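The next block holds one structure in the form of structure tokens; read it before the comments.
The values are calculated or read from the model by the stated rules, or taken from the named source; none is laboratory data. Treat the numbers as computed from the prediction; the structure is a model and nothing was measured. Cβ: placed from backbone, ideal geometry, glycine included. Neighbour counts: every protein chain shown.
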Amino acid sequence: MSTAMSMSLFLRSLCRGFLTAVVIGGPAQLFINAPFGRFTTKSEKWTVDGIKSWIVMELVSPACLLRAYLTHPLSKATPPLVSPATLLTGLFVVHYANRSLVSPLRTPVRSRSHISVPLAAIAFNLLNGSLMGAFLSSSVPMNAWDSPWFWPGIALWVAGFVGNIVHDEILLNLRRKTSHGADGKPHYAIPYGYMYKWISYPNYFCEWLEWLGFAIAACPTPRATAAPWVFFAAELMTMFPRAWKGHKWYHEKFPDYPRERKAVIPFIL
């Protein structure tokens, strides 16, 4: 068996293992509060700075993607600069540039996190970024431009990305207004505007749209060995429990919280 074939089988096995882990581990968050944000532990023992740890753990994903993309373990060469694969790589990096640098550096305050949170995120991002880079450098054909799914997928990604930024900005503005207490810790308020009319977590919903569009553009046929679809499934499995528990938390904390809002999918859930 050739080295390339062995590497391909290994990465496909990693994809399946990654998918299995998130399918099992994601729903566990319905019963266990991840100790960060509003669910952070009261004791500061084993906790780290919320903003700095966020930056470090999120930068892992684009760094690993770029390394895998440029070393192209499953192909003979990196795709040309003008290619569908490079465009998708650029979109991934743009998302994480906003997520790992722009957004946290504009955040006035963030709760401390238990060290287990950034460590788990680093492991997740290391694997996801590496698998995504290997996939994009080898499995997105040059003629993907002509696919009837490519540009609609890109358009969906753009819509989700813009929506994510818009709704995150609402939260940032709330945090700026409510983070001036003597304790220096974030205080929470009810967000309003745009999709907050219908759901408690429109930023999550818009991020799902992003990665659904990305997966459609990169690999129109869903499969368990395709990194974009594994990532989309991982986003659903890990973010839905947080949205569900956060939605319940809002109702418990604020008696006047809008009853018509769903958790994360408008009019449905």
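Quick rundown of the values:
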{"quantity": "Single residue of THR225, THR221 found to be touching a Ser or Thr at 6+ places or on another chain (Cβ under 9 Å) and among the β-branched types (Val, Ile, Thr)", "calculated": "THR225"}
{"quantity": "Meets criteria (in contact (Cβ under 8 Å) with a residue 60 or more places away in the chain, over 24 Å from SER6 (Cα atoms) and charged (D, E, K, R)) for ARG112", "calculated": "yes"}
{"quantity": "All positions within region 123-138 that are surrounded by fewer than 18 Cβ atoms within 10 Å (Cβ to Cβ) and either in contact (Cβ under 8 Å) with a residue 40 or more places away in the chain or of a type in the set (Ser, Thr, Tyr) (or both)", "calculated": "LEU126"}
{"quantity": "Among (1) surrounded by fewer than 21 Cβ atoms within 10 Å (Cβ to Cβ); (2) in contact with a helix residue (DSSP H, G or I) (Cβ under 7 Å, 6 or more places away or on another chain); (3) under 23 Å from VAL82 (Cβ atoms) - the single one SER111 does not satisfy", "calculated": "(3)"}
{"quantity": "Criterion: at positive phi and either modelled with pLDDT of 95 or more or not hydrophobic (A, V, I, L, M, F, W, C) (or both) - qualifying residue of HIS72, HIS114, HIS95", "calculated": "HIS72"}
{"quantity": "Helices (runs of 4 or more DSSP H) wholly inside region 76-191 that include at least 2 residues being closer than 18 Å to PHE231 by Cβ and of a type in the set (Ser, Thr, Tyr)", "calculated": "84-97, 116-139"}
